[in-house]
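The values are calculated or read from the model by the stated rules, or taken from the named source; none is laboratory data. These numbers come from a predicted model, not from an experiment. For neighbour counting, all protein chains shown are included, and Cβ atoms are generated from backbone atoms with ideal geometry for every residue, glycine included. Protein only, heavy atoms only, side chains kept; ligands, DNA and RNA dropped before computing areas. Shrake-Rupley method; radii C 1.70, N 1.55, O 1.52, S 1.80 Å.
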Amino acid sequence: EKFRARGAPVLGEATATLPMVGGKMRILQFADMHFEQGSTTNCADLDAAQSKFPCSDLNTTAFLEALLESEKPDLVVFTGDNIDGGSTNATASMLQWSEVVVRYGKPWIAVEGNHDQQADLDRKQVMDVLRSRPGSLSKLGPSDIHGYGNTYIRLTDSTNTTDAMYLYFFDSGDYSKYSTVSGYDWIWNDQIAWYLNTSLGLADRNKKVLPAVGFFHIPIMPYNDMLATTKIVGKHQEPVSC
């Protein structure tokens with residue numbers, strides 16, 4: 001409640017409305033491509049067994065293409081570090097990896113991570129490229145809060161008339177702007193206020209609270225609790241820092 005702005009909840013405009021066919025929506029989340037120059041960029045962080053085989057950015061896009069073919073998602077969500085600072089042309093890198101999902105032909109949306117602005121475009125320019133691509137639902141978001149890409153999507157029932165749930169997207173920034181705080185950035189209070197006001201406005205309109213899911217790049221502290229108590233699949237190579 002302390003994050004809520006003064007006055008009545010402000011209901012921002014959804015970036016899109018998508019129907020849940022048969023009450024279901026299949027979402028493919030894809031993160032941390034760190035795409036650079038395509039075939040000339042070698043893979044990083046390989047173990048000894050993986051290092052025996054050729055590997056470049058094209059392995060990433062081939063993997064994405066294989067997942068799209070096998071999973072057939074209704075929506076694809078890219079959650080940041082889609083490109084990397086080693087890219088010599090950020091626009092070309094984004095056009096190359098996004099061409100895979102453009103060809104797939106279903107809606108997609110992307111948020112930025114902490115590396116996307118490290119090439120030759122700033123964060124707004126990166127989001128401008130992402131939102132310009134065919135099928136992209138990305139948008140700049142409210143101009144009076146931190147970051148770019150803060151938005152939400154309405155998911156409706158099969159009749160496309162009644163809201164069923166919501167997907168929220170947040171720009172979790174890049175790195176701390178305070179000399180006394182090291183590490184990565186975070187979702188700021190004004191973004192939380194935007195989320196609260198939007199969700200409260202939607203609850204008022206619907207006369208009830210509907211389910212929602214949030215997508216962002218930098219993990220929040222509750223992930224530490226999960227890592228301490230839950231068996232995970234895969235490799236945990238970085239600490240949660242915000």
>> On C-alpha positions alone, give me the angle between the axis of helix 57-71 and the longest principal axis of the chain, in degrees, nearest 10.
In response: 50
> Where a ≥ b ≥ c are the square roots of the eigenvalues of the C-alpha gyration tensor, would you call the range 102-208 rounded, which needs a/c under 1.5, or, failing that, prolate if a/b is larger than b/c, or oblate?
Replying inline: oblate
> When all protein chains stay in place, what accessible area (Å², nearest 10, 1.4 Å probe) is found for Ser182?
Replying inline: 100
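Grab the DSSP H runs of the chain that are 4 residues or longer, score each as -39,500 (n - 2.57), total them, divide by all residues and round the 222 nm result to the nearest 500 deg cm²/dmol.
Helix contribution divided over all residues of the chain: -8500 deg cm²/dmol.
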> What does the charge add up to near Ala14, with Lys and Arg as +1, Asp and Glu as -1, over the other residues with Cβ less than 12 Å from its Cβ?
Replying inline: +1
> For the residue pair Arg103 and Thr229, what label-to-label distance in nm results when each label sits 7 Å from Cα along the Cα-to-beta-carbon direction?
Replying inline: 4.5
> Just how much of Tyr195 is accessible, in Å², when a 1.4 Å probe is used and the result is rounded to the nearest 10?
Replying inline: 80
>> Going 7 Å from the Cα of Met20 along its beta-carbon direction, which residues of the range 190-216 have the amide nitrogen within less than 14 Å of the resulting point?
In response: 209-214
> Taking the Cα atoms only, what angle lies between the long axis of helix 123-132 and the longest principal axis of the chain, rounded to 10 degrees?
Replying inline: 80
> Top mean-square fluctuation among Met226, Met165, Met20, Gaussian network model of the chain, C-alpha springs under 10 Å?
Replying inline: Met226
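What is the sum of charges around Asp74, taking Lys and Arg as +1, Asp and Glu as -1, for the other residues whose C-beta is under 11 Å from the C-beta of Asp74?
Working: positive: Lys24, Arg26, Lys72, Lys106; negative: Glu71.
Around Asp74, the surrounding residues sum to +3.
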> How big is the C-alpha Rg of the range 149-242 next to the rule-of-thumb value 2.2 N^0.38 Å, as a ratio?
Replying inline: 1.34
> Using the alpha-carbon centroid of each, what span in Å lies between the range 25-57 and the range 190-210?
Replying inline: 38
> When only alpha-carbon atoms count, how far does the chain stretch along each of its three principal axes, as whole angstroms with the largest first?
Replying inline: 58, 48, 39
> To the nearest 20 debye, what is the magnitude of the charge dipole of the range 1-130 about its Cα centre, counting +1 on the Cβ of each Lys and Arg and -1 on the Cβ of each Asp and Glu?
Replying inline: 620
> What dipole magnitude, in Debye to the nearest 20, does the range 191-242 give about its Cα centre under +1 on Lys/Arg Cβ and -1 on Asp/Glu Cβ?
Replying inline: 240
>> Which residues does the label zone of Asn160 cover in the range 17-44, counting backbone N under 14 Å from a point 7 Å along Cα→Cβ?
In response: 17-22
> Label Ala49 and Val209 with points 7 Å out from Cα along Cα→Cβ: what is the distance between them in nm?
Replying inline: 4.4
> Nearest 20 debye, what's the magnitude of the dipole of the chain about its Cα centre given +1 on Lys and Arg Cβ and -1 on Asp and Glu Cβ?
Replying inline: 900
> Between Ser132 and Leu200, what is the label-to-label distance in nm when each label sits 7 Å out along the Cα-to-Cβ direction?
Replying inline: 3.8
